[in-house]
Structures are given as structure tokens and as C-alpha cells.
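Engineer: Here it is: the structure, laid out below.
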Amino acid sequence: MEDIEATKIRELFSKGVEMRYQKGEVILRSGDIPQGVYYVVKGNVKMDVIFENGKELTINIFKPGSYFPAMWAISNIFNNNNFISINEVTLRRLSRDDFLRILDKDPRVLMEFTKRLLVGLSGLITNIEYLLFGNAYSRIVAAIILMAKRFGNSLDKTGNKILITIPLTHQDLANLTAITRESASIVIGKLKKQNLISVKTKLLVVNDLQRLTKESEVEVQEDGKSISL
């Protein structure tokens, strides 16, 4: 159930400009000066960075109720990330001045914003931990668990079998974990053989979340509706 502060944020952004994107469209490019703060009404948006060697790392995936890029809005920090629609996306955009005015006027909204920012930072630290110290297997397992918790629908009464509602290709999982697509495919194949995951109508299914969690060497934290750092 949506809390009062989250409801208020949604209502405030409802006054913004509506923007629609098809799958794969670029919303904001690295180096662009944002035209405002974006609120996700429908669909999912990925935030990634592309390095000089051409490798792509997906830093975050936003779902409805999220907004970005917050650090630019607050501190005018240069945007070096790409924001791309994963599926059909509807956004609402507020100007930076309007967004800051809202935070200044309502302490409860400011508190909600701060909470999301800190939770997002905590999630980023966790990601760094498994990217630095985890092997390919533990990275993929951790990423699948995170996706299941953030974007999953339970397929049984226990909540142990979960359908991940956003499409995730082998390349997507590789980009989330900073490994090659080939390495991601090998790990995914192993997980399928163990019946830990399967595929249903092009969507990933976690067949046994408890067993899969035991496979991970890294604790994965769920941040609910996160915001871009």
C-alpha cells in the first residue's frame, strides 16, 4: 500500500509534463543537461554507463514511483549516465525549480526524498561489494535475487516461486553484473540445470527463492522504489 508521502509525491508530479517512450528509446544521454526531474508513471527505465572500451554497466532499473536524476536536481552534478526505456514508459517531468520548491515547502516530502536517497546509496554500496569480490556465479545469482524482489510476482502461496515481470536477456544480466554475456550464459545454464530458474513466455522465473538465496555469497538488499544517485 502506498504511503502518504509517496502518494503526495505522485500527485505533485501529476502536474508535470507527460512524456511517453517506446522500448529502447533514450530518455537522457550522458552529458545532456536534464530538462527537469522525471517521475516514472508506467514502465521501467534503466540507468547505465558506457566505458571507453565500449562495455556497458547497468547501475539501476527504475519502476513506477521512482524519479531521476536526483543528484543533478539537488547539487547540479554533471550527468554521466544514460537513461533508457526498457519497455513502454510514461513519465511526468517537473522543472528543477519546481522540484526544489516542493522539497523546500514540505518537510515530509523532503524526508521521503532523503530516505530514498540513503536507501539507494546503501544498495549501490552492496552492488559495489559483489562486483568487486563476487565471482560470475555469485554476481548473477545476486542480480536475479534483486530483480525478483524488486520486480517479482509470486506464483505460489509461499512467495518462494517468483515471476520477474521485466524481460531480462543474458546480455541484460551481464550488464547488471559487469561480466561478459558468455559468462552470464554459462551461469544461467547452470541455474536452469539445478531447476533454480526457468523461463516462462520470455520472462525469468525463480523456482525456489530460498534455495537461490543460499547460492548467493552476498546479501542483496531490496530498496523498493529507488532513485538515481
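The values are calculated or read from the model by the stated rules, or taken from the named source; none is laboratory data. A quick note: this is a predicted structure, and the numbers were derived from the prediction, not measured. Counting neighbours? That spans all protein chains shown, and the Cβs are built from the backbone with ideal geometry, glycine included.
Engineer: Got at least one residue in segment 137-149 being assigned to a helix (DSSP H, G or I), under 21 Å from the mean Cα position of the chain (by Cα) and of a type in the set (S, T, N, Q)?
Structural biologist: yes
Engineer: Does segment 146-193 hold any residues that are more than 26 Å from Met47 (Cβ to Cβ) and in contact (Cβ under 8 Å) with a residue 12 or more places away in the chain, and which are they?
Structural biologist: Leu155, Gly159, Asn160, Lys161, Ile186, Lys190
Engineer: Identify the single condition in (1) assigned to a loop (DSSP other than H, G, I, E, B); (2) surrounded by 14 or more Cβ atoms within 10 Å (Cβ to Cβ); (3) among the polar types (S, T, N, Q) that Asn195 does not satisfy, given that it satisfies every other one.
Structural biologist: Against the list (1) assigned to a loop (DSSP other than H, G, I, E, B); (2) surrounded by 14 or more Cβ atoms within 10 Å (Cβ to Cβ); (3) among the polar types (S, T, N, Q), Asn195 comes up short only on (2).
Engineer: Residue check: is Ile50 within 30 Å of Arg181 (Cβ to Cβ) and either in contact (Cβ under 8 Å) with a residue 24 or more places away in the chain or among the charged types (D, E, K, R) (or both)?
Structural biologist: yes
Engineer: Another question about this same structure. Sort through Thr126, Thr158, Thr177, Thr114 and tell me the only one that's closer than 27 Å to Pro64 by Cβ and at pLDDT 90 or above.
Structural biologist: Thr177
Engineer: While we're looking at this one, here's another question. Quick check: anything in segment 38-51 modelled with pLDDT under 90, out of contact with any Asp or Glu (no Cβ under 7 Å at 6 or more places or on another chain) and not assigned by TED's automatic domain parsing to the domain that holds Thr180?
Structural biologist: Taking every residue of segment 38-51 in turn, at least one turns out to be modelled with pLDDT under 90, out of contact with any Asp or Glu (no Cβ under 7 Å at 6 or more places or on another chain) and not assigned by TED's automatic domain parsing to the domain that holds Thr180.
Engineer: Name the strands (runs of 3 or more DSSP E) wholly inside segment 1-117 in which the number of residues that are surrounded by fewer than 18 Cβ atoms within 10 Å (Cβ to Cβ) is 1 or more.
Structural biologist: Because the criterion is at least 1 residues that are surrounded by fewer than 18 Cβ atoms within 10 Å (Cβ to Cβ), the strands (runs of 3 or more DSSP E) in segment 1-117 that meet it are 17-21, 26-28, 37-42, 45-50, 56-62, 89-94.
Engineer: What number of residues within segment 150-192 satisfy the criterion of being in a helix (DSSP H, G or I), of a type in the set (Lys, Arg) and more than 18 Å from Glu215 (Cβ to Cβ)?
Structural biologist: Within segment 150-192, residues that are in a helix (DSSP H, G or I), of a type in the set (Lys, Arg) and more than 18 Å from Glu215 (Cβ to Cβ) number 2.
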